[in-house]
Amino acid sequence: MFGSKCVSRLSDEAHFWLNGFVNKQNCRIWSEEQPEAVQELPMHPEKCTVWCGLYAGGIIGPYFFKDAVGRNVTVNGDRYRSMLTNFLLPKMEELNLVDMWFQQDGATCHTARDSMAILRENFGEQFISRNGPVSWPPRSCDLTPLDYFLWGYVKSKVYRNKPATIPALEDNISEEIRAIPAEMLEKVAQNWTFRMDHLRRSRGQHLNEIIFKK
């Protein structure tokens, strides 16, 4: 899919918390001396929600979701469709990305009727999505380079200088994404293709041989 005539662009959103918090559902605190100890976290930490598209030739984005007065917001159907129409599609035209496949996960805002209508109008049958022409399997983060590479890579770097404000955090995110070498993205694309080949050969088995390969 990453050949010269057909390009696959994989997309996703992520939250970046100003305090550097990483949401790990299986996080636990163990203590023999103080079993009543608790982990204190902010109830409503400041965060920004970021969208990116990744393909073998580079990264489209970041796109920060904001409301009409510039405040950071999370994603809903209207905001997602606005991003597609006012950011992604003009960027694709600017970069002359043609004959392109589009991939998204099964989030409700992605698969809403109006969102799917925009994708069908612009990609025809060339998009991968829940309820789309080509189904995307649920809980498949190991098949999405933004999940298994981009977000973790960027989050490992953007907090190094301890940004104190959301604009400073957004600047760090933009700078780190722009600084990713083209050679690294090419390797990510090759790895994604390798994962797809493994799934085809194994008829959908787990990726233990790839993910835990030394």
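The values are calculated or read from the model by the stated rules, or taken from the named source; none is laboratory data. Predicted model, so just to flag it, every value in this text is computed and none were measured. Only protein heavy atoms, including side chains, enter the accessible area calculation; ligands, DNA and RNA are left aside. Shrake-Rupley method; radii C 1.70, N 1.55, O 1.52, S 1.80 Å.
Some observations on this one:
- Per-residue SASA remark: M92, around 20 Å² accessible (1.4 Å probe; ligands, DNA and RNA not included).
- Rounded to the nearest 10 Å², the accessible area of H15 at probe 1.4 Å: 70 Å²
- Couplings 3J(HN,Hα) for the stretch 78-90, derived from phi with the Karplus relation 6.51 cos²θ - 1.76 cosθ + 1.60 (θ = phi - 60°), are 4, 5, 5, 5, 5, 4, 4, 6, 9, 10, 4, 4, x Hz, where x marks Gly and Pro.
- Net lengthening on full extension, E121/L95 (0.36 nm per residue, minus Cα-Cα): 7.5 nm
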